[in-house]
Amino acid sequence: MSDVPTKEPAGNNYGSTLLDIRDLYVEYETARGPVRAVDGVSFSIAPGEVFGLAGESGSGKSTIAHAIMRLLHPPAIITGGNIFFNGQDVLEMNQAQLEAFRWSGVSMVFQSAMNSLNPVMKISDQISDVLMRHDKKMGKRAARERASELLDVVGIDRLRLDSYPHELSGGMRQRAVIAIALALKPPLMIMDEPTTALDVVVQKEIMQQIEHLKDKMGFSILFITHDLSLMVEFSTRIAIMYAGEIVELAPARMLFDDPLHPYTQGLMNSFPSLTGPRRKLTGIPGAPPDMVSPPSGCRFHPRCDRCQPMHTRVVPQLVEVKPEHWVACHLYEADPDARWRPR
Amino acid sequence: MIETQKRRADAPGLDGDAVLEVRHLTKRFPVGGTFNPKHVHALNDVSFTIRRGKVISLVGESGSGKSTTARLLARLMPPSAGEIFFRGKNVLKTEPFRASLSYRSHVQMIFQDPFGSLNPVQTIGKHIERPLLIHKVARGRDVQARVHQLLSIVGLNPPEHMATKYPHELSGGQRQRVAVARALAVNPEIILADEPISMLDVSIRMGILNLMENLKEVHGIGYLYITHDIASARYIGDETMVMYAGYIVEGADSDELMQHPAHPYTQLLLSAVPNPHAGLATHAVEARGEVPSLIDPPPGCPFAARCPHVMDVCRKVMPDPENITTNHWVRCHLFGPGKAPVDQPQQT
């Protein structure tokens, strides 16, 4: 593992790789100057894996999702890096290749999935649309049959086939969107805050359903959320993003039991628990940085209570401090055991 | 007055610390046309007491009536039935049409959206000055001093500098602090906080809750904390009440409620909260289905259609609150006379 370049925690220890992102840079042109929303991010996803990408708003996690789908439009520009999907570089694809890649290679469940359905089309037509677009030989009748199968799969009554989106509840609309994402059996599904707008009971049902489908159909998931508790429950590995960079990457349990980066520790200290003694949680002082002029050195340093003068000048590298546990923090460079744990 | 005295006598839990009490509060919204009049039963028979220096959390899903409760208490709209007592005074009787200036200064509100609740073309200083002038809390040179004092109380430092900024120059957390300072300006006894942290970034949420907690301890402010996040309800709430389809179905001291949830809906809600200590599949959700329509609902308990313990009587009558231990009551037929408690879910 030690010969893996420091900026590329590509080794996922699962043998094969489905999606491989290397040194990705994305910039937004703004009136106040360029904003580097994604700053040299590398990670890979293995077949069947649930890879969690966590971070606050503006940390760049949704931008990465859109970059994978090649959905970024100016003012957003991919300024560097590669995105390999099954060995093919997504950033090099032409229009025809892209059309084949989107939805049958990678599908996406958007943040506002509840509103991403067309309000004047029946559910059946919206699913058939995807099927017939990608399989020119498929007839209307066959597409409708497949659409009703898909509704069964995600737990919606077939009778709802001819409903319009407004006739469905929020949870059912979200299930319908997942049905559309599953339509072409893509090996990778990107879920960007899939349950944020839903109530916890519905969220739980939908997440259980997704887990069940994943086990049955074997697709991988890139799971994006700010809800760390949900992410730890659901993911195999988790990357924590801060201000456009991955600051920590580890298997979910390891990250939860032993967070290393002060930012991750702060996040863990921001979620009240339902059980155990009530203790004071401090959160993290300060606010996420202005990305037009991000802090020098370690971008977390203005909010970090373990900051030293050197940290404000030198950018820390993402290094593997223990097997599979990567962290970008100066504290661990000299001494991997410099672990500091909040009480 | 005699009327008020009588009502006070049968109002449970009345004591010196009780500041705001609501009794049997009900709200119906008319929908449908002249020929087909219907009503949304947004709030049904809601009673609780907010005490000095205590936080009472109200938890529920979207559409359960949490915000309607806050808006009725802030008197932004009139209830269809029920009473609101402020320090023992039936305010709907004494000031029936519009809340008096004094009521409005005693009961303040913080809204969910810190981006929408501030005026983009006014400085932060102006936002806080305005209530001071309207409520005649300060005047002349004192106004500036008080504005700066309030800003530093909520942690916006240096206050002289912050007062000159505009809302777009502040982060979400700072804006929500401005909203707190504005509520605080008129020396309220009660703050109604409607999802004050749900639109903020995770890392700054605790800062706002800790600020509220601090004000509670220093100024003795009582809160109604409205949230859909039951873990934060426990974090800040001395008491927690659970709302479902317009009814408060259970209320107890927060720890008691989390450890011994009695109502099947509370149990469902608690089992659905993500718990990193366990896997997704470890505790199955017992009930399925969705919240029923609130437009002219059938009689009986609104949870009956989803409840794993449903009985015939549940579909006919909504049970009254039943005390099960001290400071723990529930509206569920399972706890009516002669009924044994249901199995408690495993707590980790």
Considering only the range B:84-125, state which residues are surrounded by fewer than 14 Cβ atoms within 10 Å (Cβ to Cβ), more than 27 Å from residue B:49 (Cα to Cα) and not hydrophobic (A, V, I, L, M, F, W, C). B:116, B:119, B:120, B:122
Tally time: how many residues in the range B:159-173 are in contact with a helix residue (DSSP H, G or I) (Cβ under 9 Å, 6 or more places away or on another chain) and at pLDDT 90 or above? 8
Verdict on residue A:294 being away from chain B (no Cβ under 13 Å), over 21 Å from the mean Cα position of the chain (by Cα) and within 26 Å of residue A:37 (Cβ to Cβ): yes
Output the residues belonging to the range B:286-298 that are over 22 Å from residue B:262 (Cβ atoms), assigned to a loop (DSSP other than H, G, I, E, B) and either of a type in the set (Val, Ile, Thr) or at pLDDT 85 or above (or both). B:294, B:296, B:297, B:298
So is residue A:113 at pLDDT 90 or above, under 23 Å from the mean Cα position of the chain (by Cα) and crowded, with 20+ Cβ neighbours inside 10 Å or not? no
Anything in the range B:135-159 that is touching an Asp or Glu at 6+ places or on another chain (Cβ under 8 Å) and among the hydrophobic types (A, V, I, L, M, F, W, C)? List them, or say none. B:143, B:147
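Condition check ((1) of a type in the set (Phe, Trp, Tyr); (2) assigned to a strand (DSSP E or B); (3) away from every other protein chain (no Cβ under 14 Å)) across all residues:
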| residue | (1), (2), (3) |
| --- | --- |
| A:57 | no, no, no |
| A:63 | no, no, yes |
| A:70 | no, no, yes |
| A:73 | no, no, yes |
| A:79 | no, yes, yes |
| A:96 | no, no, yes |
| A:99 | no, no, yes |
Hey, can you tell me all the residues within the range B:197-214 that are surrounded by fewer than 19 Cβ atoms within 10 Å (Cβ to Cβ) and touching a residue at least 40 places away in the same chain (Cβ under 8 Å)? B:198, B:199, B:213
Given the residues A:182, A:151, A:188, A:159, which is the only one that is without any contact (Cβ under 8 Å) to a residue 60 or more places away in the chain and buried (at least 17 other Cβ atoms within 10 Å of the Cβ)? A:151
Quick one: what pairs do we get from the range B:17-33, first residue under 11 Å from residue B:87 (Cα atoms), second of a type in the set (D, E, K, R), C-beta under 6 Å, 6+ apart or different chains? B:17/B:51; B:17/B:52; B:18/B:51; B:19/B:52; B:19/B:189
Of all residues in the range B:190-239 being part of a loop (DSSP other than H, G, I, E, B) and more than 12 Å from chain A (Cβ to nearest Cβ), the one that is nearest to residue B:258 (Cα to Cα): B:195
Hey, does the range B:128-150 have a residue that's more than 14 Å from chain A (Cβ to nearest Cβ), under 28 Å from residue A:291 (Cα atoms) and either free of Cβ contacts under 8 Å to residues at least 24 places away in the same chain or part of a helix (DSSP H, G or I) (or both)? no
Residue in the range B:162-169 that is away from chain A (no Cβ under 11 Å), surrounded by 22 or more Cβ atoms within 10 Å (Cβ to Cβ) and in a helix (DSSP H, G or I) present: yes
Considering the range B:261-283, residues that are at pLDDT 85 or above and part of a loop (DSSP other than H, G, I, E, B), and then whichever is nearest to the other protein chains (Cβ to nearest Cβ), we arrive at B:273
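The values are calculated or read from the model by the stated rules, or taken from the named source; none is laboratory data. Note that the coordinates shown come from a computational prediction; the quantities given were computed from them, not determined experimentally. Reconstructed Cβ throughout: ideal geometry from the backbone, glycine too, with neighbour counts over all protein chains shown.
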